Amino acid sequence: MVDDELSLAEPLTDQRPNPDTAIRPLIPLFATSALTAALAACGGGGGATATPPIQSTPSPGPQPTPAPPPTSPTPQQASRFLLQSQFSASDAELTAVQSAGYAGWLDQQFNAAPSTTGWDWLLSKGYGDTSFTNNSFPTDYMIWNQLIASPGAVRKRVALALSEIMVASANGVNLPWRFFAMAAYWDTLVANAFGNYRALLEAITLNAAMGVYLNTRGNQKEDAATGRQPDENYAREVLQLFSIGLYELNQDGTNKLVNGQPVETYDQSTVSNLARVFTGYNFDTIGSVANDPQYLRKPMVVTASMHSNLAATFLGVTVASNTAPAVALKTALDTIANHPNVAPFISKQLIQRLVTSNPSPAYVGRVAAVFNNNGASARGDLKAVVRAVLLDDEARSATGLTAPTWGKLREPILRFVQWARTFKATSGADTWRISDLSSDATRLGQSPLRSASVFNFFRPGYVPPNTALATAALVAPEFQITNESSVAGYVNFMQNTVRNGFADVSANYAAELALVADAAALVERLNLLLTAGQLSAANVETIRSAVASIAVTTTAGQLNRVQAAIWLVMAAPQYLVQK
């Protein structure tokens, strides 16, 4: 990201707040118009997805693993690591990372006890009552609780990344008890976030919510009399989005080229044949009790009479005619999971979600090598992959702090969750009544588990058209949901949220109020916790000067100063672009 495309210094300098006013008047004066114009100029907009220029290298092997990162990081380094690994950085977590080192702290997170599942949280709040059967809103309450209040933030962060790769959206899961179906889907991602990719692929394939979303549930074999053919939706998306992608890849994530052109990984025949494997599946309602959603928690089961008995040829293998459904499924998933594309395809997207939009081919290659072999001859070990993503020298090096091509735009979900976790947000009645925040005009413009399509909120290869990013052949996925409306919606939504909370959810600013008399110390603390110390010196001084002008002679004035400081940092370019 080119920093001067997102400059905030000039508007801040010219638009000082009146010392006696609250935070609200700061917004229309200094961020809404300025930041809207800046982000729009950088190429926001949710239009058609541009395809990045094709790259290719001669099938390189993985690069040697760099030397381990330092075991005693500075507070800024620890904060940067935490903001890549999870959602937020607290004083205690900064100390823990500095004490244990990056790898040691990660081991602690990997070994942490499981937390309450989304499903069990819903039950504990009474949503098993039949009066909620046809409601959708408990999905939102559940997922915001999981992201904001649930322990195991690293696991939840990886699960959120996986939910943007193997997408099932509540917007397309239309059935009774849909929120329990979505909770079971989310819990599947959480449970497998540090597990094995092949096991995750099978769990997602047989998941009830996914079965509804991509039509596996109720998918029937061909019928010559009626002309019916198996639904191809899941067969297509499991290849294109969940595993191998459209084009053959080198292990560093670049396209393989033949005569200068990419090579497709599959064709229509592949999809049509693979679709036969995914026929005959439906909910497992054996032993179900009326008005009990437990069947949505169980893997789908196959009815043999509904399953296609035709031979199926795909990706170089053939499932013989009349093969038992379970054997056919195992063959298909084993074949997909062992495809050479899976390692670079999944590895690169995890890097993009956690660290940077444009990782070097060498970085992708190193992580893909770990996907292929975790050091103990195991393939698809996601714990090892996550470790490799976060501990790679490219992720930990200070070079990325200044490289204009390095980093990523923070997606709105992460900004909101970071605010809530950083400032210890609580729900008064422990209900977490945060609703769908998808509106880009009045809310975040993004809400977890509510993607508009199976292609996620944004594509991993999205290039903002007619921008410096496009000229530099850089992708910027999160910019696909960034436009004038969404930027204004975000700054206004966060201004109100920082000040008033949301519904029954409110923050605790006690630690910040303790520094309220010292504007420089207050901004320094927020700079560390929210941006890992990445605000420019000019913006630090501008924000300090702005908040210092707010009188603190009253309790209201003290709170105004703290809230203004938080909001201004969260509107700054070095916050929005995570390095």
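The values are calculated or read from the model by the stated rules, or taken from the named source; none is laboratory data. Small disclaimer: the values here were computed from a predicted structure and weren't measured. Because the Cβ atoms are built from the backbone with ideal geometry, glycine has one as well, and the counts that use them run over all protein chains shown. We work out accessible area using only protein heavy atoms, side chains counted, and drop any ligands, DNA or RNA first. Shrake-Rupley method; radii C 1.70, N 1.55, O 1.52, S 1.80 Å.
In order along the stretch 524-537, phi translates into HN-Hα couplings of 4, 4, 5, 4, 5, 6, 8, 10, 6, x, 9, 4, 5, 4 Hz, rounded to whole numbers, per the Karplus curve 6.51 cos²θ - 1.76 cosθ + 1.60 with θ = phi - 60° and x for Gly and Pro.
Assuming charge only on the beta carbon of Lys and Arg (+1) and of Asp and Glu (-1), the dipole of the stretch 432-510 about its Cα centre is about 100 debye to the nearest 20.
For the stretch 221-274, what is Rg from Cα atoms divided by 2.2 N^0.38 Å, rounded to two decimals? Rounded to two decimals, the normalised Rg is 1.46. P(r) for the chain, from all Cα pairs and a bin width of 20 Å, is 20, 53, 24, 3, 0 %, short bins first. Local charge for Arg236 was computed over the other residues whose Cβ lies under 15 Å away, with Lys and Arg +1 and Asp and Glu -1, and equals -4.
Every Cα-Cα pair in the stretch 85-222 was counted, and those over 27 Å apart are 27% of them.
Amide H to amide H, with H built 1.01 Å from N, Asp231 comes under 5 Å of Gln220, counting only residues 5 or more places away or on other chains.
Residue ranges 206-218, 387-399 sort as 206-218, 387-399 when ordered by packing (mean number of other C-beta atoms within 10 Å per residue, highest first).
Rg/Rh for the stretch 460-507 to two decimals, with Rh computed the Kirkwood way over all alpha-carbon pairs.
That ratio equals 1.21.
I need the shape label for the stretch 108-159. Rule: rounded when a/c is under 1.5, else prolate if a/b > b/c, else oblate, with a, b, c from the alpha carbon gyration tensor. Taking the square roots of the gyration eigenvalues as a ≥ b ≥ c, the stretch 108-159 is prolate.
Taking a Cβ cut-off of under 14 Å around Gly195, the surrounding Lys, Arg, Asp and Glu residues balance to a net charge of +2, with basic ones at +1 and acidic ones at -1. Leu249 sits among other residues whose Cβ lies under 13 Å from its own Cβ, and their net charge, with Lys and Arg +1 and Asp and Glu -1, is -1. Expressed as a whole percent, the accessible area of the chain that falls on carbon and sulfur atoms is 53 (1.4 Å probe). For the stretch 497-555, a Kirkwood radius taken over Cα pairs fed into Stokes-Einstein (4 °C, viscosity 1.567 mPa s) yields D = 103 µm²/s.
Longer than 24 Å from Cα to Cα, which of Lys221/Lys348; Lys125/Lys156; Lys156/Lys408; Lys221/Lys330; Lys383/Lys424 are they? Say none if no pair is. Distance filter (> 24 Å) returns Lys221/Lys348; Lys383/Lys424. For the listed peptides 408-417, 170-179, a ranking on the average number of other beta carbons within 10 Å per residue, highest first, reads 408-417, 170-179. Accessible surface area normalised per residue over the chain is 37 Å², counting heavy atoms of protein chains with a 1.4 Å rolling probe. Each listed q (0.18 Å⁻¹) maps to a log10 I(q)/I(0) for the stretch 457-579 from the Debye sum over equal C-alpha point scatterers, namely -1.00. Scalar couplings 3J(HN,Hα) for the stretch 107-119, obtained by applying the Karplus form with A = 6.51, B = -1.76, C = 1.60 to θ = phi - 60°, are 4, 4, 5, 4, 9, 5, 5, x, 9, 4, 6, x, 4 Hz; x denotes Gly and Pro. Work out the length of the dipole vector of the chain about its Cα centre, built from +1 on the beta-carbon of each Lys and Arg and -1 on the beta-carbon of each Asp and Glu, and round it to the nearest 20 debye. Once rounded to the nearest 20, the dipole reads 520 debye. Each peptide among 89-98, 352-361 gets the average number of other Cβ atoms lying within 10 Å of its residues, and from highest to lowest they stand as 352-361, 89-98.
Let me know the Kirkwood hydrodynamic radius for the stretch 400-535, please, with Cα pairs as the basis and the value in Å to one decimal. For the stretch 400-535, inverting the mean 1/r across all distinct Cα pairs yields 16.9 Å.
Dipole orientation for the stretch 173-277: of the candidates Asn207, Gln240, Tyr266, Asn207 has the Cα lying most toward the positive pole (charges on Cβ; Lys, Arg +1; Asp, Glu -1). Considering helices alone, the calculated mean residue ellipticity of the chain at 222 nm is -13500 deg cm²/dmol, with DSSP H runs of length four and up weighted by -39500 (n - 2.57) and normalised per residue.
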